[in-house]
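J.: Quick one: structure below, then a few questions.
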């Protein structure tokens, strides 16, 4: 069975550029989560969707970050303009959307902003 | 007080030994509990869910103590491959699908 699929695996770009991260959740999962992980701050929830609707975006750092989920099988996280402090590993996770269900993670996107 | 607290370690343990971690959570209404492991530069992976009655999976045993609001993970006969960071994770309930993540406990198994 296919797990959560993220792309790209690695992204290196210069500050000021637009960055788009992509995620395909596990088929049948109806909740999707975007996380950011750094050594200093650990794993931080940025935003999550339930049935394609954003439920909580309080973790989104600022207006430079936006996320969309146009359908049940695809989500994007966009950073525009990017800054060096955005460098981190970004994970997407999905779940069946029940409180007793664990989340399943993609391999992550390792983002470096120069 | 953090919602989910763990000893960051590292725990340096000889191969073959038994090691245990505890994790405390602040919300007494929390409904679901999990242990994840994360290897360096990899994604978190579900190790096991934690049930009220306690549960075992091979060398791993998880227990939940609702009265004292902590969960534990016991690893018996530790292997070098058990070296990782172990994350304690809690669902706060109330129809919320978010998970609250501990900062993790780093385990190093030495030969």
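The values are calculated or read from the model by the stated rules, or taken from the named source; none is laboratory data. Note that the structure is predicted; figures quoted are calculated from it, not measured. Here the Cβ is made from the backbone with ideal geometry for all residues, glycine too, and neighbour counts use every protein chain on show.
J.: Restricted to segment B:80-91, and to residues that are touching a strand residue (DSSP E or B) at 6+ places or on another chain (Cβ under 6 Å) and not in a strand (DSSP E or B), which residue is nearest to the other protein chains (Cβ to nearest Cβ)? First the steps, then the outcome.
T.: Just the residues of segment B:80-91 that are touching a strand residue (DSSP E or B) at 6+ places or on another chain (Cβ under 6 Å), to begin with: B:80, B:82-91.
Narrowing further to those that are not in a strand (DSSP E or B): B:80, B:82-83.
Working: B:80: 23, B:82: 20, B:83: 18 Å.
Taking the candidates together, the pick is B:83.
J.: For segment A:12-37, what are the residues that are over 19 Å from residue A:71 (Cα atoms) and over 14 Å from the mean Cα position of the chain (by Cα)?
T.: Taking segment A:12-37 as the starting set, the residues that turn out to be over 19 Å from residue A:71 (Cα atoms) are A:12-19, A:35-37.
Hits for segment A:12-37 are A:12, A:13, A:14, A:15, A:16, A:17, A:18.
J.: Just checking, how many residues over segment A:1-25 are buried (at least 19 other Cβ atoms within 10 Å of the Cβ) and assigned to a loop (DSSP other than H, G, I, E, B)?
T.: 2
J.: Among (1) free of Cβ contacts under 8 Å to residues at least 12 places away in the same chain; (2) surrounded by fewer than 20 Cβ atoms within 10 Å (Cβ to Cβ), where does residue B:43 come up short?
T.: Looking at each condition in turn, residue B:43 falls short on (2).
J.: A further question on this structure: Would you confirm, using the coordinates I've provided, whether residue A:86 is free of Cβ contacts under 8 Å to residues at least 12 places away in the same chain and farther than 17 Å from residue B:98 by Cβ?
T.: Numbers: free of Cβ contacts under 8 Å to residues at least 12 places away in the same chain: no; farther than 17 Å from residue B:98 by Cβ: yes.
When the stated conditions are applied, residue A:86 does not pass them.
J.: Within segment B:9-41, track down each residue that is under 13 Å from residue B:82 (Cβ atoms), within 10 Å of the chain's Cα centre (by Cα) and within 13 Å of chain A (Cβ to nearest Cβ).
T.: B:35, B:37
J.: While we're looking at this one, here's another question. Does segment B:51-71 hold any residues that are within 14 Å of chain A (Cβ to nearest Cβ), surrounded by 15 or more Cβ atoms within 10 Å (Cβ to Cβ) and either within 22 Å of residue A:105 (Cα to Cα) or over 13 Å from the mean Cα position of the chain (by Cα) (or both), and which are they?
T.: Selection gives B:62 alone.
One line per residue, one yes/no per condition, for (1) within 14 Å of another protein chain (Cβ to nearest Cβ); (2) under 30 Å from residue A:53 (Cα atoms); (3) in a loop (DSSP other than H, G, I, E, B); (4) modelled with pLDDT of 95 or more:
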residue: B:2; (1), (2), (3), (4): yes, yes, yes, no
residue: B:43; (1), (2), (3), (4): yes, yes, yes, yes
residue: B:49; (1), (2), (3), (4): yes, yes, no, no
residue: B:73; (1), (2), (3), (4): no, no, no, yes
residue: B:78; (1), (2), (3), (4): no, no, yes, yes
residue: B:93; (1), (2), (3), (4): yes, yes, yes, no
residue: B:106; (1), (2), (3), (4): yes, no, no, yes
